[in-house]
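Report on the structure given below.
The values are calculated or read from the model by the stated rules, or taken from the named source; none is laboratory data. In this text the structure is predicted, and so the values were computed from the model without any measurement. Quick reminder, even Gly has a Cβ in these numbers, built from the backbone with ideal geometry, and neighbours come from all protein chains shown.
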Amino acid sequence: MKIGFIGCGVISTAHLEGLEALKKANQETFHLAAVCDLNAERAEAFAENAHKRLGKRPVVYTDYLRMIEEEPLDAVSVLLNHDLHHTVAENCFAAGIHVQMQKPLAISPYYGRKMLQDADKYKKVLTVSEPSVLGAENVALARAVKDGVIGSVYMMLDYATVSLNRTFFAGTAWRHFKGTAGAGWINDHGVHRTHMFTEVNGPIQEVFAYTDIFEKELSDGKSTIRPTGEDSSVTVFRFENGGLGHWMCSTAAHGEKMGGVWIYGSKGCFRPGRHVALEDGTTIPMVDIVSQYAADIVQDPFAHSYVELWDAILNRKTPIASAQKGLEALSTVFAALESATIGQPVRVKDILNGERHAYEDTVMEEMK
Ligand SMILES: NC(=O)c1ccc[n+]([C@@H]2O[C@H](COP(=O)([O-])OP(=O)(O)OC[C@H]3O[C@@H](n4cnc5c(N)ncnc54)[C@H](O)[C@@H]3O)[C@@H](O)[C@H]2O)c1
């Protein structure tokens, strides 16, 4: 099948590497037939890189509508800022093309729901490239916890703090505005975490959060912006199965960063990417967990996202990173944002079904 990439920015190289990993493993995968970016120079450089890695140069476009009209594509991967996800997806579905979307599924839950409806209306596949639940290590984590390796989950703790030193995250100003990114780092990075939480331990029932914008101005030396998206969020939550969670992310942590995930169960602790430590003193290295639980899964999460897309299109297989799961992860982030807005705990299902939207309204206002 033929695929096109829309957007050749920061994350697109990881996707190219994913396709390259599948090619090297002689696994049947998509032919990258066309790429598109508004920035022609960037698109040309990306096509050159693709030529080197995959052996064929994709056709270059600067207008994605032209690309989907002229190229006989089976699928596209949409690698664009969050505010464009829903419109581009709809145009691709209408052109008869399946879509792999980057996380977060959409800029906000309203648009996420619309995307699921559009995929249904046009009978097209919509998957999410969510690396935190894909690839052998992440699949092994979820399968091992569900298999009871650490017993029943009591607590999930997730900390991610970095300092931007008051510049732009990944060199991109759009990430700091609600109107283009939906929120601050809690949406961009936080959605990886909520997707992982729910994949490992089931749906989250309720969230309480405080958020803030500590750094009122950011600058990359050329332009200065006043962010509208939060740079710091501290959140507590409860899973539907009773487990508790504490999750925070900040891009305003100066001097020293900290991070890591700890999952505590009734029999031990899972340190994703590292090991399992059991109460009897046994340590199980990650490599053993992977060989026991995910020997069938390709290592690279981005390569895995294309295996999922392929299987969803050809074999109607439900992907791990389905659009529905992506919507749930996004709704959990927005439950935290809603909570910080109204000063009360918020149920994820009230965000998922559109009943509560005080924070989302501010995003829509800024999108105008
Ligand atoms: N680990 C991950 O999974 C991961 C990491 C980074 C980014 N992402 C996601 O990938 C997406 C893109 O992020 P990024 O960091 O690559 O952003 P980016 O800003 O670096 O790249 C976006 C590209 O899209 C191009 N573009 C914008 N509007 C366009 C249009 N209408 N038509 C064609 N091209 C257009 C821009 O010129 C830019 O090159 C986001 O959804 C982000 O959340 C995922």
field: Which numbered condition residue 87 misses (of (1) surrounded by fewer than 17 Cβ atoms within 10 Å (Cβ to Cβ); (2) β-branched (Val, Ile, Thr); (3) over 24 Å from residue 112 (Cβ atoms))
entry: (3)
query: Residues in region 325-338: is at least one in contact (Cβ under 8 Å) with a residue 60 or more places away in the chain, touching a Ser or Thr at 6+ places or on another chain (Cβ under 9 Å) and over 29 Å from residue 135 (Cβ atoms)?
result: no
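With the requirement that a residue be farther than 21 Å from residue 20 by Cα and within 25 Å of the chain's Cα centre (by Cα), what does region 68-79 give you?
Scanning region 68-79 gives a single hit, 68.
Yes/no matrix, rows are residues, columns are (1) within 14 Å of the ligand (Cβ to nearest atom); (2) under 24 Å from residue 270 (Cβ atoms); (3) touching a residue at least 40 places away in the same chain (Cβ under 8 Å):
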| site | (1), (2), (3) |
| --- | --- |
| 127 | yes, no, yes |
| 132 | yes, yes, yes |
| 167 | no, no, yes |
| 202 | no, yes, no |
| 217 | no, no, yes |
query: Which of the residues belonging to region 95-116 are more than 20 Å from the chain's Cα centre (by Cα) and away from the ligand (no atom under 16 Å from the Cβ)?
result: 96
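Of these, 21, 43, 33, which one is more than 12 Å from the ligand (Cβ to nearest atom), assigned to a helix (DSSP H, G or I) and of a type outside the set (Lys, Arg)?
The unique qualifying residue is 21.
Can you find, within region 1-18, the residue that is farthest from the ligand (Cβ to nearest atom) among those that are in a loop (DSSP other than H, G, I, E, B) and of a type in the set (A, V, I, L, M, F, W, C)?
So the residue we want is 1.
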- request: Restrict the check to region 141-161 and report whether at least one residue is more than 21 Å from residue 308 (Cβ to Cβ), among the hydrophobic types (A, V, I, L, M, F, W, C) and either outside the structural domain of residue 359 (by TED's automatic domain parsing) or within 16 Å of the ligand (Cβ to nearest atom) (or both).
  value: yes
- line: Selection over region 282-306 where residues are within 18 Å of the chain's Cα centre (by Cα) and surrounded by fewer than 20 Cβ atoms within 10 Å (Cβ to Cβ) yields a count of 1
message: Which residue is surrounded by the fewest Cβ atoms within 10 Å (Cβ to Cβ), if the candidates are limited to region 56-72 and must be in contact with a helix residue (DSSP H, G or I) (Cβ under 8 Å, 6 or more places away or on another chain) and assigned to a loop (DSSP other than H, G, I, E, B)?
response: 56
